[in-house]
Amino acid sequence: MIRILLADDDPSLLETGKILLEHSGDIEVVTANNGDEAMDILRSEPLDAIISDNQMPGMDGITFLKKVRIRFPDMPFLMHTGLGQEDVVISALKNGADYYLPKGDDPGSEFNELASQVRRMVKNNALERALHESEERYRFIIENFNGIAFERKPDLTVVFAHGAIEPVTGYSAEEINGKEISWDILVHQDDLPLIYDAMKEAEKDPSLSTETEYRIITKEGEVRWVQEFGHYLRKKSGRIHAVQGTIYDITERRQMTEQLIAQRDLGLGLAAARSLGEALELTLSTACKVSGMSFGTLYLENPHTERFEVVRSTGFSDAFIGSIRSFDKTTPICRTVAKGECIYSFFDEMKDFLGCEVSHARVRVVLVIPIVYNASSIGFLLLGSNYPEEISDSSLMSLEVIAFQAGNAIARIWVEEMLAEGERSSGWGDEIRSKTRVD
């Protein structure tokens, strides 16, 4: 239903106009005797268009038009006034009137024309609004699209790619779209068969769209997981000539899934472990896997020396381990660990924490995770990597869970060993006795 405001100081014309405009059934008319009354109605009721006379007591039609254009710049405004008022017509059109129709001797024909013009204008306004909203939605989608939209040939040559190309692949849009980089160069060689297998399945079923998860190697050499949704374009013969679709980076999601699996497997492994060495080996290997770091050491506190000493190591050279084999409890790294706090730092900046000058050509960043049991730090993990990537919150949380699992397992094994020896004191067993409150 189209709602029209009809403003005129002639009561008989208002009544006639209302009847004629509403005759078709798709228009509802609200009437006003002058510009002031019309403005009051306009402020209080939803309306789609205005038909107004010019010569009215108080606020005339031109003044009314000017006020309407300030508050409602897109409202269709049609001027319906007497003959011989060319100056009014010019002024009305200059001030934003959309249509002018002089009053004559045939109200039926005139209001039929006005109704037709109103319908056209209201429809155009609705189309323009819909187009604008569609453009805004499209702009929002494009600006917030965090994947890659692509078209690719069966040989994996990229026809076009758009979106988060550089954040996902490390390559610029120009490198990908300029055919400098073929998609098969990015895909991990072990995962290429997954893409070709998806195309083979699509060859068999023309209606099939595929979903494939595989790894890519970024420009920086980092391995990332992506999820590809593919729709296949075919020639008349039915052969696939292109793939269109979207690609999303799912590395963090995969990492979180793998972290949960790693925590579960570690928990099961630690529960079954019956020796300290087995528990330490399992803890260190899981921590390196979850963090993605290639180097790692595990320290435990020796209550006799009051030092944290290396009990397991992987990746580091013997010479390097020799320089950081143990730490006094008063060193900054141990004081930080005692507070239950993690450390993530460039290795070159770690000398203040370590309390000594050390270097390692292949280690650029270091992560330290306290191993806590019963609210006390009994050791810590020191992990190193050559890639200074920011560690994700989920990875850090997972490593803290792993350290917590390790703390409980180590304490349990110490107690079991102590009980198996007939509760004979054996160094670290004395310390853990107090922490586990074994009487």
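The values are calculated or read from the model by the stated rules, or taken from the named source; none is laboratory data. Small disclaimer: the values here were computed from a predicted structure and weren't measured. Positions of Cβ are backbone-derived with ideal geometry, glycine not excepted, and every protein chain shown enters the neighbour counts.
Evaluate the stretch 121-138: report whether one residue or more is touching a strand residue (DSSP E or B) at 6+ places or on another chain (Cβ under 8 Å) and at pLDDT 90 or above. Looking through the stretch 121-138, at least one residue is touching a strand residue (DSSP E or B) at 6+ places or on another chain (Cβ under 8 Å) and at pLDDT 90 or above. Here is the figure for the stretch 160-207: residues that are under 16 Å from GLU228 (Cα atoms) and among the basic types (Lys, Arg) total 1. Across the stretch 1-30, the number of residues qualifying as in contact (Cβ under 8 Å) with a residue 60 or more places away in the chain and either assigned to a strand (DSSP E or B) or not assigned by TED's automatic domain parsing to the domain that holds VAL89 (or both) comes to 3.
Scanning the stretch 15-28 for residues that are touching a Leu at 6+ places or on another chain (Cβ under 6 Å) and either surrounded by fewer than 18 Cβ atoms within 10 Å (Cβ to Cβ) or of a type in the set (Ser, Thr, Tyr) (or both) yields a total of 0. Within the stretch 155-205, being under 15 Å from VAL223 (Cα atoms) and of a type in the set (Gly, Ala, Ser) holds for one residue alone: GLY170. From the list ASN112, ASN95, ASN124, the lone residue that is farther than 18 Å from ALA7 by Cβ and in contact with a Leu (Cβ under 8 Å, 6 or more places away or on another chain) is ASN112. In the stretch 57-68, is there at least one residue being of a type in the set (S, T, N, Q), over 21 Å from ARG119 (Cβ atoms) and over 55 Å from the mean Cα position of the chain (by Cα)? No, because not a single residue in the stretch 57-68 is of a type in the set (S, T, N, Q), over 21 Å from ARG119 (Cβ atoms) and over 55 Å from the mean Cα position of the chain (by Cα).
Taking the criterion of being surrounded by 19 or more Cβ atoms within 10 Å (Cβ to Cβ) and charged (D, E, K, R), the residues of the stretch 290-339 that qualify are GLU301, ARG312.
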